[in-house]
Amino acid sequence: MNDNNCPPLPRFENDELQIKPLLPEFEAHDRQQTKYTTCYMCACRCGIKVTVEDNQVRFIQGNPNHPINKGVLCAKGNSGIMKQMSPAKLRAPLLRRPGTERGAGEFEEISWERALDILEQRLAHIRATDPNKLAYFTGRDQMQALTGMWASQFGTLNWAAHGGFCSVNMAAGGLYTMGHAFWEFGDPDWDNTKYFMLWGVAEDHSSNPIKLGLKKLKERGAKFVAVNPVRTGYQAIADEWIAIRPGTDGMLALSMVHVLLQHQLIDDEFLIRYTNAPQLVVNTPGQKGDGLFYRSEEGRIQVWDLNTGAFADASRADIAPALFGDFTAPDGTPLRTSMSILVEKYLDDEYAPENAARSAVSRPRPSSGWRWRWRMSPSRRALPSISSGPTGPDAGRRSLSAGRCRCMRCAASRLTRTASRPAVPFTCCRCCLARSTAPAAIWPSRPFPSM
């Protein structure tokens, strides 16, 4: 073989193998920098390291020091450079060409200075005449707090931002329960969780943190339950797969609420401090204002303060809000707490697990002929009475003859008695003394039923 056709051989110098590079240098590493930021290819917001050269993105990789993804980056995240360098990306303001029709798609690029001058002139006129004539929508980004503040300062109410059904409700639920929401706002407690329920999560959302977290759960022996009509990757490794019918996940959730309320497995103090459960709602069915929060003349949402026995600003920290109760505003408007409305609705047998299991969709709630009234107690956990039948000193006796005791405890127990819960004896009124047994009260001290 001719020596000119042979590749160069390795050379040994000072007893070390020296390999002569065969490839040209493709990158000027001395001009490159590494920037740390978060990925925007989904709402997970994984930490990334971005290699930048001459102010252009050259390479994206996971940040091993980020608490969410710990260096792992999916294919979608790695392809973020394609979005950044897309030829379809707008790089300058566009103005419709003079003489063209709206919707024709005929635009020309203009400078930022000219675009800002046009906007300033138009917005100044709108703000001076009627700020609500400005309506605008922002995309899915993390600037909604800033754009919302700008809208309020401008004076318009017609502002909106992207809010996916899959994320905004998740964020609100997470903030209420764990103090933070998943994805961009935090992480479940993978290290201590004993029972983890994954509810309808798409495989392409937050895939890196969920996979890392599920690995921790499986290693520790925690129970993993997946709720999803289809059995994909996550459901395949679940300890239990609940294959609900499409569109019935709301009924499943409400049946869980039914069980929690029925067995009093709720935290009153948490509801009072962190939710709108004690806030008062206008109760005027069929009339204007029904279902709206009751506010003071200053626009403050009101609660009933048990310390003073009067209405109070719900945002105050020095009050003891009533969790249950019916009240009357000074102008005669009937009011109820949010929790009273919730309990009345979801303690209905329609939401019992055995009925929810047979339901494809929620049915209209049947009229029962009576309504709830909640009485207050210093413990904020008053029991309901039923406003039907006779009243007076011997109302209980007459109700007994009709099979209905008006005693508050008996009325409450009728909500929760089932065939699997035997009656227990107690004495709280004359009609109960006449009975050998009576059903348990609405807030029994019982362990959570087995799942």
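Points to keep in mind about this one:
- Of the residues in region 59-69, at least one is closer than 30 Å to MET170 by Cα, surrounded by fewer than 18 Cβ atoms within 10 Å (Cβ to Cβ), touching a strand residue (DSSP E or B) at 6+ places or on another chain (Cβ under 9 Å) and at pLDDT below 90.
- Odd one out for ASP3, checked against (1) of a type outside the set (A, V, I, L, M); (2) surrounded by 10 or more Cβ atoms within 10 Å (Cβ to Cβ); (3) modelled with pLDDT under 90: (2)
- One residue alone among ILE81, ILE126 is surrounded by 11 or more Cβ atoms within 10 Å (Cβ to Cβ) and either closer than 30 Å to SER207 by Cα or touching a Ser or Thr at 6+ places or on another chain (Cβ under 7 Å) (or both), and that residue is ILE81.
- Residue-level check: of (1) modelled with pLDDT under 90; (2) surrounded by fewer than 13 Cβ atoms within 10 Å (Cβ to Cβ), THR138 misses just (2).
- Residues (assigned to a loop (DSSP other than H, G, I, E, B) and under 13 Å from PHE196 (Cα atoms)) located in region 229-253: ILE237, ALA238, ASP239
- Just one of the numbered conditions (1) part of a loop (DSSP other than H, G, I, E, B); (2) in contact with a helix residue (DSSP H, G or I) (Cβ under 8 Å, 6 or more places away or on another chain) is not true of VAL281: (1).
- Residue within region 93-108 that is surrounded by 11 or more Cβ atoms within 10 Å (Cβ to Cβ), polar (S, T, N, Q) and at pLDDT below 90 present: no
- Within region 290-334, the set of residues being loosely packed, with under 12 Cβ neighbours inside 10 Å and over 24 Å from ASP268 (Cα atoms) comprises GLU297, GLU298, GLY299, PRO330, ASP331, GLY332.
- Where a residue in region 225-250 is touching a residue at least 24 places away in the same chain (Cβ under 8 Å) and its partner, wherever it lies, is part of a helix (DSSP H, G or I) and of a type in the set (Asp, Glu), with Cβ under 8 Å and at least six apart: VAL227/ASP249
- Taken over region 223-272, the criterion of being out of contact with any strand residue (DSSP E or B) (no Cβ under 6 Å at 6 or more places or on another chain), under 25 Å from ILE68 (Cβ atoms) and among the hydrophobic types (A, V, I, L, M, F, W, C) is satisfied by ALA236, ILE237.
The values are calculated or read from the model by the stated rules, or taken from the named source; none is laboratory data. In this text the structure is predicted, and so the values were computed from the model without any measurement. Please note: Cβ atoms are built from the backbone with ideal geometry, for glycine as well, and neighbour counts cover all protein chains shown.
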